[in-house]
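Here is the structure we will look at, set down as structure tokens.
The values are calculated or read from the model by the stated rules, or taken from the named source; none is laboratory data. Remember, it's a predicted structure, so these values are computed and weren't measured experimentally. With ideal geometry, Cβ positions are generated from the backbone for all residues, glycine too; neighbour counts draw on all protein chains shown.
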Amino acid sequence: MILPMVLFAIQAAGGAAQDRPPKILEIYRDSMKPGGEAAYRQIEEDAARICFELKCPNPHLAIESLNGAPEVWWLNAFESGAHKEQVDAAYRANKPLMAALGEISKRKASVTGTPVNVFAAYNPGASRDPSWAIAGARYMIVITTSGSRVANGAAFDAPDGTRFILKPVRTRPEADAAAAAAGPRARVFAIRPYWGLPAQEWIDADREFWKVNPSFRPSQVFQ
């Protein structure tokens, strides 16, 4: 789970607005210490329950690497700087939530390395096929690079010159094919439905996938 002072929002907009890349993307990266994966999963499952029960004010997405270094990335998106500040204020105002997430952060310290957090700006000129269709996606292709590379996906530029190119996809074969086509820098991440807090649009698009999340309720299942 993201540290309390940097928890922000993925815009829970429907329709075409949700498919449009956000103006600002926060990428918070947890690295795993050897042998810490099981403990990390339990901690983050507890965090997901806390976020639901204590009314976390925003959806947020967790993705875990399937190749390369063992990492979990937390993705939080904003439509503007004002939107980011609004969500930050909502977290600060929810004292029970902030206290509970502070305890989660303490528990994580023994199983993760030093986290890395960046805010990256969407670069439409470096993006090719930049659909941001989280609803229905189960995987994310990620390219981390520098310079002026253009690739399939939405490109986000960090202040230090790092470029992140992300593309959500639905299936593992589709993810593997897209990563192979993108070259050796491409990584495949799995969206982890038991972590984070999904937007209702994500749940509605893939109910079987998201039913493990605490925010999913049996009453939501179609009869």
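A few notes on this one:
- Residues (part of a helix (DSSP H, G or I) and aromatic (Phe, Trp, Tyr)) located in region 77-103: 91
- Residue match in region 170-180 (condition: crowded, with 17+ Cβ neighbours inside 10 Å, in contact with a helix residue (DSSP H, G or I) (Cβ under 8 Å, 6 or more places away or on another chain) and either charged (D, E, K, R) or farther than 15 Å from residue 59 by Cβ (or both)): no
- Neighbours by Cβ (under 9 Å, 6+ apart or cross-chain): first from region 127-146, on the phi > 0 side of the Ramachandran plot; second part of a loop (DSSP other than H, G, I, E, B): 136/170; 136/206
- Filter result for residue 113 (under 19 Å from the mean Cα position of the chain (by Cα), surrounded by 12 or more Cβ atoms within 10 Å (Cβ to Cβ) and closer than 26 Å to residue 193 by Cβ): yes
- Residue identified as farther than 18 Å from residue 24 by Cα and either of a type outside the set (Lys, Arg) or surrounded by 14 or more Cβ atoms within 10 Å (Cβ to Cβ) (or both) among 155, 151: 151
- Of the criteria (1) over 23 Å from residue 150 (Cα atoms); (2) out of contact with any helix residue (DSSP H, G or I) (no Cβ under 8 Å at 6 or more places or on another chain), which one residue 77 fails: (1)
- Odd one out for residue 81, checked against (1) within 20 Å of residue 20 (Cβ to Cβ); (2) touching a Lys or Arg at 6+ places or on another chain (Cβ under 9 Å); (3) surrounded by 13 or more Cβ atoms within 10 Å (Cβ to Cβ): (3)
- Residue 69 vs. criteria within 19 Å of the chain's Cα centre (by Cα), farther than 21 Å from residue 154 by Cβ, loosely packed, with under 15 Cβ neighbours inside 10 Å and hydrophobic (A, V, I, L, M, F, W, C): yes
- Among the residues making up region 107-127, a single one is in a loop (DSSP other than H, G, I, E, B), in contact with a strand residue (DSSP E or B) (Cβ under 6 Å, 6 or more places away or on another chain) and polar (S, T, N, Q): 123.
- The single condition among (1) in contact with a Ser or Thr (Cβ under 9 Å, 6 or more places away or on another chain); (2) at pLDDT below 95 that residue 168 does not satisfy is (2).
- Test for residue 125: is it among the small types (Gly, Ala, Ser) and modelled with pLDDT under 95: yes
- The lone criterion from (1) farther than 28 Å from residue 37 by Cα; (2) charged (D, E, K, R); (3) buried (at least 19 other Cβ atoms within 10 Å of the Cβ) left unmet by residue 129 is number (3).
- Restricting the first member to region 102-116 and to residues that are in contact (Cβ under 8 Å) with a residue 12 or more places away in the chain and over 10 Å from residue 43 (Cβ atoms), and the second to residues that are among the charged types (D, E, K, R) and part of a helix (DSSP H, G or I), the beta-carbon pairs closer than 9 Å and six or more apart or on different chains are 115/108.
- In region 133-191, the residues that are part of a helix (DSSP H, G or I) and either touching a Gly at 6+ places or on another chain (Cβ under 9 Å) or closer than 24 Å to residue 207 by Cβ (or both): 172, 173, 174, 175, 178, 182
- For residue 171, the conditions (1) free of Cβ contacts under 8 Å to residues at least 40 places away in the same chain; (2) over 30 Å from residue 38 (Cβ atoms) are fulfilled apart from (2).
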